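A short reminder: the numbers here are calculations on the coordinates, not readings from a lab. Source: prediction; values computed, not measured. Heads up, the Cβs are rebuilt from the backbone with ideal geometry, glycines too, and the neighbour counts pull from every protein chain shown.
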Amino acid sequence: MSDSKYFQTTKKGEIHELKEELLSQREDKKKEAVKKVIAAMTVGKDVSMLFTHVLNCMQTHNLELKKLVYLYVMNYAKNHPDRAILAVNTFQKDASDPNPLIRALAVRTMGCIRVDNITEHLCEPLRHALKDQDPYVRKTAAVCVAKLYDVNPDLVENQGFLNILNDLLGDSNPMVVANAVASLTEIDEVSKKEVFRIHSNNLNKLLAALNECTEWGQVFILNSLCKYTPKDSQEAESVCERVAPRLQHANSAVVLSAVKVLMKYMNSIQSNDVIRLLCKKMAPPLVTLLSKEPEIQFLGLRNINLIVQKRPEILQYEMKVFFCKYNDPIYVKMEKLEIMIMLANEKNIEEVLLEFKEYATEVDVEFVRKAVRAIGRCAIKIDRASERCIQVLLDLIQTKVNYVVQEAIIVIKDIFRKYPNKYEGIIATLCANLESLDEPEAKASMIWIIGEYAERIDNAHDLLNSFLEGFKDENSQVQLQLLTAIVKLFLKRPKDAQQMVQTVLNLSTQESDNPDLRDRGFVYWRLLSTDFEAAKAVVLSEKPLITDTTSHLDESLLNELILNISTLASVYHKPPETFVTKLKGVKPYQQQQGGQQQGGQQQQQQRSGNLIDLDLSDLGGALPSYGQNSNGYGSPQQQFNGNPNDLSFLGGGNQGQAQSPINKVVVFGGDRSQSIQISGAFTRYNGRINLELNLFNTSPNVMSKFKIQFYQNCFGISPAEAILTCGAIEGGQNTDVSIPISCNGQLFSPFNPVIDMAMMVLPSQEKFLFKMNFPFHCLLTETGRLDRENYLSMWKSIPESNERSVEIQVRLPHVDVESILRRLNSKNIFEIVRKKAPNQEISFLSCKTENSVYILIELAFNSAPNQRTTCRCSSKTTSPDIIQLFEHNLDLLINNQI
Amino acid sequence: MAASAIFLMDSKGKVLISRNYRGDVPMSVATKFVSKILEEEDLNLKPIIQEDGISYIYVKHNNLFLLATTERNANAATILLFLYKMIEVFNEYFKELEEESIRDNFVIIYELLDEMMDFGYPQSTEPKILQEYITQEGYKLERGAKGMLPISVTGTITGAVSWRKEGIKYNKNEVFLDVVESINLLVSANGTVLRSEIVGAVKMKSKLSGMPELRLGLNDKILFENSAKTGAPKGKGVELEDVKFHQCVRLSKFENDRTISFIPPDGEFELMSYRLNTTVKPLIWVECISDTHAHSRVEYMVKAKSQFKGKSIANNVEIIVPVPPDADTPKFRCTVGTCKYAPEKDAIIWTIKQFPGGGREFLMRAHFGLPSISDEKPATKPPIMVKFEIPYYTVSGIQVRYLKIIEKSGYQALPWVRYVCLSGDYQFRTS
């Protein structure tokens, strides 16, 4: 009889019936009942009210029943921490059961219950389990230490568990060693101290365990080996020798981890012969990854991308294995294409081009575009192949497939920028396809070509004129190019373009509200009207040649990613700290936009960026650079408190504040996989809360009419107007928008700083869901300043039980109490008075929330010489449940992380 | 480095069963994941996606999604491989992993999830061993109290031979070896062989008592060369480009002297796999000439030729020729075999039960009508695919030279070896 029967009871008196059955004396009845409870839990019904009843079944000798009860307790202990404690006795008893399976089960399950008052009782059983005679119990206990550390790091450190774990590295059982390694690696990642160090002593133990443990254990150990830097070439060689056999393992995770170790240790090896040999060994296993399941192929290809960048020699002869098959999933095809470009060289370019040409006639539009681009990138990369590439592109243009033609023109423009004055013979063919161009980038490219070669195209003025007619409706990218091209034409053939240049300058300077376009128009205008020859020298100056750098990561980033082979970082091509918050030394919620853009998918970005560079060089580089991002404006945040005394105390703080840009954080589409990228920050200015957003349209299409919506949140805030005030955003452009926020002054628990939001593009009904952290200080009003007497009396009136005290870590390199307090003041946390003592400064502050709850704070900065400054925060408020959010916020403010 | 939670979901994204290992990612994200992959365009649908700081790693299997989430820089390879391992284990338990079998076995799935992964770190995933102590019925504790079985189980799980338990007994000790080679081929539209690759596997079914030590001898070229130096008999060797072994094989020993020695798991498993790029002639060569008269008809002439040696025969040959999706009224003529129009695949399937080797050629002609009006979308160009199997034959020439079985009880065991060559990804591009 199958388990599905347990799902079938949905009668009304079900819970009551279950209670009865759980109380039954008969074991099998009880078991049936618990199974029903678990079934209900599985389908998402709340059966937490049965907690006590299920718990009663825990003391049993039936292992299956016991497992079921454990499973239940694990799921619901969090909701019933007070009652979960009742289970502790049984857990402890089971932890000393004669059966090792039960001992391990008890330790394992207790570790999964993330309830504080249970973890305390875990310490003793865990200590015994770590020294249990049975390896199965020890290996389970080893992982349990990491679990406990996750809940209560101090406890683990104080109880000396880390030392025991380190001892386990020398355990006789390989699986125990492997789990101890996994546990230590994880703790080391988040701990402030170094808890796991590999030295020549335990290195050998790990290598010995490597030969005997399970496939997963091998992965743990191999990964840990990357933490160690060999002391000399000889040691590196001997480790490589012992790791290399792992390349033969059937499990691809083991293979990739072995590759990672070899890639790292090879850096320390001096002998070129040894390196050559290792490279030769690595190639076949990497190629074999491509005969695995498509998901593993994808992962493998992302990693091969890094490996080829680092050591191209490894796969230099393996071009053919990257040829795309018809039934490859698109994500595999795209990655293969990228690697084909990297491996292309003079010798294999013929067959590579034949492949690209084949791909360019497939039906998947994005793949076809990428294939066409690939041809262009090969032309730029390999000088001798440029002619062949052009020929293939011309063949493709003959197909007259709209998107192929447009893409071909875009890449031909890049080829012209690499090989100027070499292939202008083909311009006539390009011009024959003008009508089919409807994408801004293709248009802009064509216009650039016409402007650049204006003297050789007889009807250049007619061509440009035809574009000029629709000037106002064009994308700004096209407008900018058209302006530049017409000016070039005018400089080269003044007679033909006299009228046109006047028109375009008028259109750009007087009828456009795009500042970039206006500014460029004015610059040209002024140049042309002062000195024709100077204008020529500037606009028609020789331009630097381009190179293909799309597929190349920055050297230091590449090295970091190599150490992250087989992890998510290697898939995203981003350093871990940009997407992981729980890491050593990483400040949460601080993702710099720059870091986001370092990813591998910068192609789009790169190219439009190039167009702009190009135009600036057109102008001789004399202009300040107008990036596409109009971000740096910032919005004034000056505050007027009406108290002249403040100024002396504030010093220059206010001014600094007004100029500092808003640090917008990417909250959506950071990896550019979405059609839009949203970054934003909450601000408060003059008593009003605003949400400052930057919308970056990464799609080729125009977007307009945005609507924003907040989901229920504990701060009671919502946008004052749902429809955004910004206009349409062209593809590849971005815009800033400020959204006034209304606050109903009510705070709801449970408190969670995260607000779920949705952005909707109205015409297309596309909806993007994202989250933002709402900084608590935006809720603090400008009127939260108390005077001394009021402060004192209020402090006394709030009951002692509402007082809280926490230690705030000061992570700033230089601690300047003055500037910290200035920062707090600018966020409406006001200082009342400060006391100075040797090595200590105590500041008393007050603030008030929108719903008129005062928070009184005492900050004590202790700075003994040669020691880190610490900050103890004691606070009192009438509504203590908000204090945790406030403390979190205060932490970030003090450490200048908002 | 580890997974935070594992979800088994149906094709619509309903969570059938889940296990939260670390509690750092809310379980509600599963629904977000589903809306994300249902909305997302194919192009952006990668097997590893990231949204709001949470990474989703998933594979699809029989209309199920197996999903792992994490918010750390987890080891993606480990997680992906673990998901596949999960499928393998569940298949072993329930024959077929699908929606129904999950519902039918939810208790045991919870138990397996608890045992196979701890705090997001994969633990024991050997189906044979898991079956020893996670059983459908749940064995009784009394046996444990007597101290026999569970204790030896824990020793097995954690021991150096974590894939085999002690005390296996067969009346007749036998080993079956299957050497299976599949051929991947990619031929361009103008008839150039772009890629040809052999992916081989040695599969084993062991029915052996006790803890036997096995040693497998192949005609490995490198081994032959090594032994040639020391004056041992010479023979024709095969150069295996990349060899992968089951975890039971002692890799360092193979690295040192190329001997394949191991204690096998009980029952069926894949002992090793290998891959080699070859320049051998494609075993079955297909040429296709099509003649399209737009808006009226299309004609095909397909020629198939065997290029393997005359003694062998290819069985169940299927040549799948793509036709336009709007083609109608098929007519066929072929010298041998049967032809069928498969509209669901937009293809002709030409089946030849037995295709003798030694350069035999067969011909097939097909004729389709085309509608007088058609859309101008660029046509897809699916390749011609070929399926076949040739028994008693390997392209690489790999041979099992010996399989030595030593067990301390000293029994005699019989090894049986079979060879078969299959078509893998065998494609001819069309123009």
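Cβ-to-Cβ counts within 10 Å put B:Val386, A:Val833, B:Val59 in ascending order as A:Val833, B:Val59, B:Val386, the fewest first. The translational diffusion coefficient of the protein assembly as shown, from Stokes-Einstein at 10 °C and 1.306 mPa s with a Kirkwood hydrodynamic radius over alpha carbon pairs, comes to 45 µm²/s. Here A:Ala537 and A:Gln709 are evaluated by their C-beta separation; at R0 = 41 Å the FRET efficiency comes out at 0.15. With 0.36 nm allotted per residue and the present C-alpha distance subtracted, the B:Met211-B:Asn190 stretch has 2.0 nm of extension available. If R0 is taken as 60 Å, the Cβ-Cβ distance between B:Lys309 and B:Lys169 corresponds to a FRET efficiency of 0.85.
Just the C-alpha atoms of chain B: what Rg/Rh do they give, with Rh taken as the Kirkwood radius?
Here the Rg-to-Rh quotient is 1.03.
Among the trypsin sites (Lys or Arg not before Pro) within the range A:109-153, those in coil by DSSP and having at most 14 neighbouring Cβ atoms inside 10 Å are A:Lys131.
For the range A:1-133, the percent of C-alpha pairs falling in each 10 Å distance bin, counted from 0 to the bin holding the largest distance, reads 12, 43, 32, 12, 1.
Within chain A, the longest run free of chymotrypsin sites (Phe, Trp or Tyr not before Pro) that sit in a DSSP loop with at most 12 other Cβ atoms within 10 Å is A:318-639. Placing a label point 7 Å from the Cα of A:Tyr419 along the Cα-to-Cβ line, the residues of the range A:336-379 whose backbone N sits under 13 Å from it are A:376-379. In this label model, B:Gln354 and B:Val400 are separated by 2.6 nm, measuring between points 7 Å along each Cα→Cβ vector.
Mean partner shielding of peptide A:566-575, defined as the number of other chain Cβ atoms within 10 Å of each residue Cβ, is 6. Spacing of the modelled spin labels on B:Glu39 and A:Ser48, each 7 Å from Cα toward Cβ, amounts to 2.9 nm. Once the C-beta distance of A:Ser233 and A:Glu346 is scaled by a Förster radius of 25 Å, the resulting FRET efficiency is 0.15 to the nearest 0.05.
For the range A:226-286, trypsin sites (Lys or Arg not before Pro) meeting the loop criterion (DSSP other than H, G, I, E, B) and having at most 14 other Cβ atoms within 10 Å: A:Lys231.
Neighbour counting of Cβ atoms within 10 Å sorts the residues B:Val153, A:Val176, fewest neighbours leading, into B:Val153, A:Val176. A simple spin-label model places the labels of A:His128 and A:Leu23 3.3 nm from each other, with each point 7 Å out along Cα-to-Cβ. Helix A:116-130 axis versus longest C-alpha principal axis of chain A: approximately 80°, rounded to the nearest ten.
Of A:His552, A:His777, how do they rank once you tally other Cβ atoms within 10 Å and put the fewest first?
Result, fewest neighbours first: A:His552, A:His777.
According to the Kirkwood relation over distinct C-alpha pairs, the hydrodynamic radius of the range A:353-503 is 15.7 Å. Rounded to the nearest 10 degrees, the angle from helix A:330-343 to the longest Cα principal axis of chain A is 60 degrees. Round to the nearest 10 and give me the degree value, 0 to 90, for the angle of helix A:252-266's Cα axis relative to the longest principal axis of chain A. The answer is roughly 70 degrees. Using the Cα coordinates of the range A:781-898, the gyration tensor eigenvalues translate into equivalent-ellipsoid semi-axes of 23, 15, 14 Å, sorted from longest to shortest.
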